[in-house]
Amino acid sequence: MALCLKQVFAKDKTFRPRKRFEPGTQRFELYKKAQASLKSGLDLRSVVRLPPGENIDDWIAVHVVDFFNRINLIYGTMAERCSETTCPVMAGGPRYEYRWQDERQYRRPAKLSAPRYMALLMDWIESLINDEDVFPTRVGVPFPKNFQQVCNKILTRLFRVFVHVYIHHFDSILSMGAEAHVNTCYKHFYYFIREFSLVDQRELEPLREMTERICH
Ligand SMILES: [Zn+2]
């Protein structure tokens, strides 16, 4: 499966380089800590808890960047099968439709195709996590006051990627043999947002049944 993901990306020129944590920084140490506990076989519900003595904003920052990288990779593997034709509207089944809004081109919520929505979404997150005023990386530079609010919005929008992928592209997940991988990422993400109440309950509704089944 790992090979399969790599192969897909080797072909995909639109793939974005992963955002990395600079070695030697506190955030990098925290990222390594989070990765180590993930690999230690601890259950996902406990690995998301804030380690004693750590700062919650640092912990959230590390996870937001990591989830962005992983979810972006998952969507990238599906991207060939998610087109203007297959998905003319960004949706999660017939009951949920998502409109895009930003401070640039789409000041009013716009009905867009899924691939267009995803491209704007990934660009938007990428510019935020690379903005030193929002995600400071220098030692001693504090997070902005609205940091958790910004992260709520990022995570809420990333959740919609799962909604679309699970509901509209589940056959692709299966055919690529990626189900276990995607489920693990989803569970980790879900436990994380629940642990810190980062995404409104209503947003989780489209995947509620599946969540009950896989996140016990
Ligand atoms: Zn699609």
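Bear in mind that the values in this text are calculations on the coordinates, not laboratory data. Predicted model only: the values in this text are computed from it and were never measured. When we count neighbours, we look across all protein chains shown, and the Cβ atoms used for this are built from the backbone with ideal geometry, even at glycine.
Please report His168, His216 as a ranked list, fewest other C-beta atoms within 10 angstrom at the top and most at the bottom.
Values: His168 19, His216 7.
Neighbour counts put them in this order, fewest first: His216, His168.
Mind giving me the FRET efficiency for Asn183 and Gln149? R0 is 25 Å, r the Cβ-Cβ distance, nearest 0.05 is fine.
Values: r = 29 Å, r/R0 = 1.16.
With R0 = 25 Å, the Cβ-Cβ based efficiency is 0.30.
Where does the chain land on the Kirkwood hydrodynamic radius, alpha-carbon pairs, in angstrom? Numbers along the way, then the final one.
Values: mean 1/r = 0.0553 Å⁻¹.
Evaluated over the chain, this radius sits at 18.1 Å.
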At 20 °C in a medium of viscosity 1.002 mPa s, the stretch 97-155 has a Stokes-Einstein diffusion coefficient, with Rh taken as the Kirkwood radius over alpha carbon pairs, in µm² per second, of 168 µm²/s
The long-range amide H neighbours of Ala91, using H built 1.01 Å from N in the peptide plane and a cut-off of under 5 Å, are Tyr98
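In percent, how large is the relative contact order of the stretch 21-115, given Cα pairs closer than 8 Å and 6 or more residues apart?
Once divided by the residue count of the stretch 21-115, the mean separation gives 19 percent.
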Can you work out the Karplus-derived ³J(HN,Hα) for every residue in the stretch 152-161? Use 6.51 cos²θ - 1.76 cosθ + 1.60 with θ = phi - 60°, whole Hz, and x for glycine or proline. 3, 5, 4, 5, 4, 6, 5, 4, 5, 5
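Please order Cys215, Cys82 by the number of other Cβ within 10 Å, starting at the fewest.
Values: Cys215 16, Cys82 21.
Arranged by neighbour count, lowest to highest, Cys215, Cys82 become Cys215, Cys82.
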Grab the DSSP H runs of the chain that are 4 residues or longer, score each as -39,500 (n - 2.57), total them, divide by all residues and round the 222 nm result to the nearest 500 deg cm²/dmol. -18000 deg cm²/dmol
Under Karplus coefficients 6.51, -1.76 and 1.60, residue-wise ³J(HN,Hα) of the stretch 89-100 in Hz, glycine/proline x: 10, 6, 9, x, x, x, 8, 10, 10, 10, 10, 9
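Full-extension gain between Asp200 and Arg49, please, as 0.36 nm times their residue separation minus the C-alpha to C-alpha distance. Provide the component values of the computation, followed by the final result.
Working: separation 151, 0.36 × 151 = 54.36 nm, distance 1.90 nm.
Working it through step by step, the gained length comes to 52.5 nm.
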